[in-house]
1. Among the residues of the range 174-204, which ones are closer than 26 Å to Gly418 by Cα and part of a strand (DSSP E or B)?
2. Looking at Lys236, Lys285, which one is out of contact with any helix residue (DSSP H, G or I) (no Cβ under 6 Å at 6 or more places or on another chain), more than 16 Å from the ligand (Cβ to nearest atom) and not in a loop (DSSP other than H, G, I, E, B)?
3. Quick one: in the range 321-350, which of the residues that are among the hydroxyl-bearing types (Ser, Thr, Tyr), within 15 Å of the ligand (Cβ to nearest atom) and out of contact with any strand residue (DSSP E or B) (no Cβ under 6 Å at 6 or more places or on another chain) is nearest to Ser674 (Cα to Cα)?
4. Scan (1) over 23 Å from Ile377 (Cβ atoms); (2) away from the ligand (no atom under 11 Å from the Cβ) for the single condition Lys271 breaks and write down its number.
5. Does Asn264 meet the test of being within 16 Å of the ligand (Cβ to nearest atom), at pLDDT 95 or above and crowded, with 24+ Cβ neighbours inside 10 Å?
6. Taking the stated definitions as given, is Gly204 surrounded by fewer than 21 Cβ atoms within 10 Å (Cβ to Cβ), touching a Cys at 6+ places or on another chain (Cβ under 6 Å) and at pLDDT 95 or above?
7. State yes or no: is Gly418 out of contact with any Leu (no Cβ under 8 Å at 6 or more places or on another chain), more than 20 Å from Arg312 (Cβ to Cβ) and either not charged (D, E, K, R) or not in a helix (DSSP H, G or I) (or both)?
8. Being at negative phi, touching a helix residue (DSSP H, G or I) at 6+ places or on another chain (Cβ under 7 Å) and not in a helix (DSSP H, G or I), is that true of even one residue in the range 586-597?
Amino acid sequence: MNNAAPQTIFLKDYKPFDYTIDSVELTFKLHPTATRVRSKIVFSPNPKAPESSPVTSPEASEGKRFFLHGEELRLISAAIDGASVTPREVAGGIEVDAPDAPFVWEAEVEISPETNTALEGLYMSNGMYCTQCEAEGFRKITYYPDRPDVMATFTVRVEGDLPVLLSNGNPVERGEGFAVWHDPWPKPSYLFALVAGDLVNHPGAFTTKSGKKVELNIWVRPGDEGKCAFGMQALKDSMKWDEDTYGREYDLDIFNIVAVDDFNMGAMENKGLNIFNSSCVLASKETSTDANFERIEGIIAHEYFHNWTGNRITCRDWFQLCLKEGLTVYRDQMFSGDMRSHAVKRIEEVLTLRARQFREDNGPLAHPVRPESFVEINNFYTATVYEKGAEIIGMLRRLIGDEAYRKGCDLYFERHDGEAVTIEDWLASFEEVAGRNLAQFKQWYSQAGTPRLKMSENWEDGTLTLTFTQTTPPTPGQSEKKPQVIPIATGLIGPNGDEVVPTTVLEMTEATQSFTFEGLGARPVASVLRDFSAPVILEREIDNDTRAFLLAHDTDPFQKWEMGRALAKDTLISMIVKDTKPSFAYLDAIKSVLADDTLDPAFRTLSLGLPSQDDLAQSLVDAGVVPDPQRIYDAREKLRHLLADHLHDVLPALYKENETGAFVPDAEGSGKRSLRLAVLGLLSLQDSGVTAKALYKRADNMTEQAGSLQALLAAGLGADELQAFEAQWKDDRLVMDKWFMMQVSFAAPDKAAELAEALSQHPAFTNRNPNRFRAVFGALTANHAGFHHASGAAYRLLADHLIALDALNPQTTARMSGAFETWTRYDADRQAMIRAELERILATPNLSRDTTEMVTRILSA
Ligand SMILES: [Zn+2]
């Protein structure tokens with residue numbers, strides 16, 4: 001797997017490539033084990049390359065050597081300007097002497113898609129050929145300067161005996177056994193795509209605002225045609241939204257989406273030919289939950305939006321990954337908010353940010369949104385680059401205002417279209433339109449760690465003073481931290497519950513800074529960090545009565561939810577640490593939120609949710625307590641039972657009121673179903689699962705079928721339903737992923753590892769399919785008390801399976817090893833067990849550079 005010696009690459013070493021490419025012509029003769037790829041590439045000296053250094057190979061020190069990336073390729077022939085050449089093999093590619101003038105490179109290589117289990121480059125999935133080139137997969141297809149700043153137009157001829165042959169751009173010619181595609185827009189090789197298979201299409205059409213008609217297709221395996229309509233509508237909505245909101249229009253005659261079962265990521269934005277993990281595009285009410293529908297809508301939008309933020313304007317180098325990802329995540333979040341509910345969406349975003357990014361920022365894998373170095377770029381497709389990257393865009397917009405934000409975007413698109421650019425280029429557009437210096441703001445890209453914001457209040461003669469102090473804890477490689485620019489959206493609520501000062505953005509730039517509100521009649525309650533205006537941890541002295549007051553009166557939905565969450569967390573922490581009974585302040589507050597039918601049902605569902613076990617473990621660490629996973633689990637279970645008791649008189653009515661008619665996967669329907677199923681979870685603790693069993697039998701949609709089964713599993717019931725579920729869905733891969741995942745997620749702590757092990761022996765388990773692997777082992781690591789059970793059985797089991805998977809699929813192995821990133825939180829026994837497993841993984845012969853880098857970083861904690 002690993003034929004290049006691990007080597008650290010630094011941002012500071014960036015140099016432009018010595019040549020530009022005028023055009024690329026590729027011909028593929030497809031064969032499962034011997035695909036031939038012929039390339040004809042026209043190179044010209046790059047006027048922007050440093051003159052003194054025509055050397056491109058990292059190892060070369062003299063002479064005019066021309067370096068091309070290539071991995072796992074069998075070179076058949078190579079020629080420069082028609083004359084045959086014999087390249088030298090060097091680490092990560094080949095080298096050859098080349099003219100310092102325009103020349104034509106021609107090569108033919110052979111590759112084996114069928115044995116490519118890493119799912120990078122050209123590979124096979126259920127008899128279909130497909131590609132994944134981001135970040136560095138194109139070098140497994142042919143020799144090429146596989147770096148994002150080398151952009152070129154591609155013409156691709158695909159030859160094979162499969163009925164559907166696709167590549168990027170527009171179709172040029174099609175005949176028996178071949179198809180030719182031409183992409184007129186210059187692009188880097190990571191956006192290259194090819195698909196060949198026995199596929200059927202769900203067609204659609206879109207007319208752009210300037211009147212151009214675009215053919216749309218979703219390509220799937222025969223039998224899946226009925227699961228494409230929702231994705232197609234999401235695509236059309238995305239195209240319209242990007243025109244209306246950002247003025248961005250689609251630029252080819254055709255837009256193709258293909259669903260693939262075996263895929264490492266969610267989806268990939270290849271120009272004009274998006275490739276999707278089938279779980280992120282196929283949807284039907286029988287097989288997909290509301291959460292699936294919402295995710296599919298968001299991912300289709302995300303990949304489509306990349307057409308401008310990523311494809312037309314791309315990254316100069318992989319250190320700038322957040323330039324396309326943070327921005328595109330921000331755009332898809334805004335789109336989802338417009339399609340559904342901004343308030344609900346924002347709370348969900350913050351839950352994800354805290355669960356994934358804050359966790360990452362607080363451990364050995366912490367890194368800046370723009371990292372300074374990497375060994376394997378695949379390891380930096382992280383919550384920090386994506387989600388914190390998106391938070392930075394949101395802060396920028398908050399600081400300069402909506403109008404300047406849009407003008408800055410327009411200028412960026414106009415100025416850099418067709419270029420590979422940097423964070424500096426992005427920010428310069430906003431500095432120009434907003435007329436302000438963003439030098440300090442830029443630190444958000446370079447400084448890792450989550451800032452802690454301590455707030456104190458002073459009330460005197462009608463003036464409220466809020467004083468904030470910011471500190472950021474040290475992270476790997478960064479001990480000294482500077483003050484950040486933090487927009488703190490704040491409002492004030494009077495004692496009678498009315499808002500006396502609407503949301504105002506306090507702009508903090510110093511380590512300690514005070515803000516005053518004058519001329520106030522009576523002392524108000526401050527609502528601070530509204531809409532979660534910055535990715536920070538706010539620490540304020542606040543009692544439960546004030547929290548309950550804000551929960552009842554705050555006009556900001558995020559803060560309203562946040563206060564309920566803080567009450568729940570406080571209650572749980574004190575149950576865990578001091579063995580106290582839960583506070584009535586919390587129980588009563590939740591009861592009044594639940595009963596308030598002026599509130600969106602989806603919002604009420606979120607308010608009813610308890611903090612996760614992982615979240616509680618971190619809160620305990622922050623309070624100086626070593627977390628005991630079993631104790632956390634027990635307290636949370638106890639509170640769930642107490643909630644069910646306390647709410648027992650309102651649960652049946654809520655269950656009835658939130659019944660929906662015919663299934664429509666929109667915000668209204670999904671909100672009601674989510675509340676109803678959350679209520680069912682509590683009801684099941686009291687009625688021996690009678691209501692849930694009845695719903696399971698009757699359900700005509702997956703949301704209710706899976707939801708009722710989960711309610712049963714969470715109450716320690718559901719064995720018959722699990723069996724029935726398997727019998728019903730054994731032939732549907734995506735639904736079976738749910739079957740694997742649900743049982744492990746809800747397994748009792750002492751049974752989780754045993755169950756995961758048994759499921760890994762199930763005939764339908766395979767580690768060749770990342771979705772299935774994650775369904776079992778992702779669920780095991782998310783089952784906090786089960787994963788961290790004192791026996792250490794889950795640690796051992798995961799390590800065994802990661803070692804086996806690494807030989808097949810380094811990328812997914814490395815990502816899954818992140819489950820161990822919090823290991824230093826726990827007691828000495830658990831730490832010793834995890835360390836032993838990490839060391840065992842690291843000692844595996846031929847371990848991939850992906851996993852080596854991740855495990856080494858985790859161990860350095
Ligand atoms: Zn993306």
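1. Initial filter on the range 174-204 (closer than 26 Å to Gly418 by Cα): 180-195.
Result: Val180, Trp181, His182, Asp183, Pro184, Trp185, Pro186, Lys187, Leu194, Val195.
2. Numbers: Lys285 fails: not in a loop (DSSP other than H, G, I, E, B).
On inspection, the qualifying residue turns out to be Lys236.
3. First pass over the range 321-350, keeping only residues among the hydroxyl-bearing types (Ser, Thr, Tyr): 328, 330, 336, 341.
Imposing the further condition that a residue be within 15 Å of the ligand (Cβ to nearest atom) reduces the set to 328, 330, 336.
This time we only want the ones that are out of contact with any strand residue (DSSP E or B) (no Cβ under 6 Å at 6 or more places or on another chain), so: 330, 336.
Details: Tyr330: 25, Ser336: 17 Å.
The extreme case among them is Ser336.
4. If we test Lys271 against (1) over 23 Å from Ile377 (Cβ atoms); (2) away from the ligand (no atom under 11 Å from the Cβ), just (1) comes out false.
5. On the way: within 16 Å of the ligand (Cβ to nearest atom): yes; at pLDDT 95 or above: yes; crowded, with 24+ Cβ neighbours inside 10 Å: no.
When the stated conditions are applied, Asn264 does not pass them.
6. Numbers: surrounded by fewer than 21 Cβ atoms within 10 Å (Cβ to Cβ): yes; touching a Cys at 6+ places or on another chain (Cβ under 6 Å): no; at pLDDT 95 or above: yes.
Here the answer is no, as Gly204 does not meet what is asked.
7. Details: out of contact with any Leu (no Cβ under 8 Å at 6 or more places or on another chain): yes; more than 20 Å from Arg312 (Cβ to Cβ): no; either not charged (D, E, K, R) or not in a helix (DSSP H, G or I) (or both): yes.
No, not satisfied.
8. No, the range 586-597 contains no residue that is at negative phi, touching a helix residue (DSSP H, G or I) at 6+ places or on another chain (Cβ under 7 Å) and not in a helix (DSSP H, G or I).
The values are calculated or read from the model by the stated rules, or taken from the named source; none is laboratory data. These numbers come from a predicted model, not from an experiment. Here the Cβ is made from the backbone with ideal geometry for all residues, glycine too, and neighbour counts use every protein chain on show.
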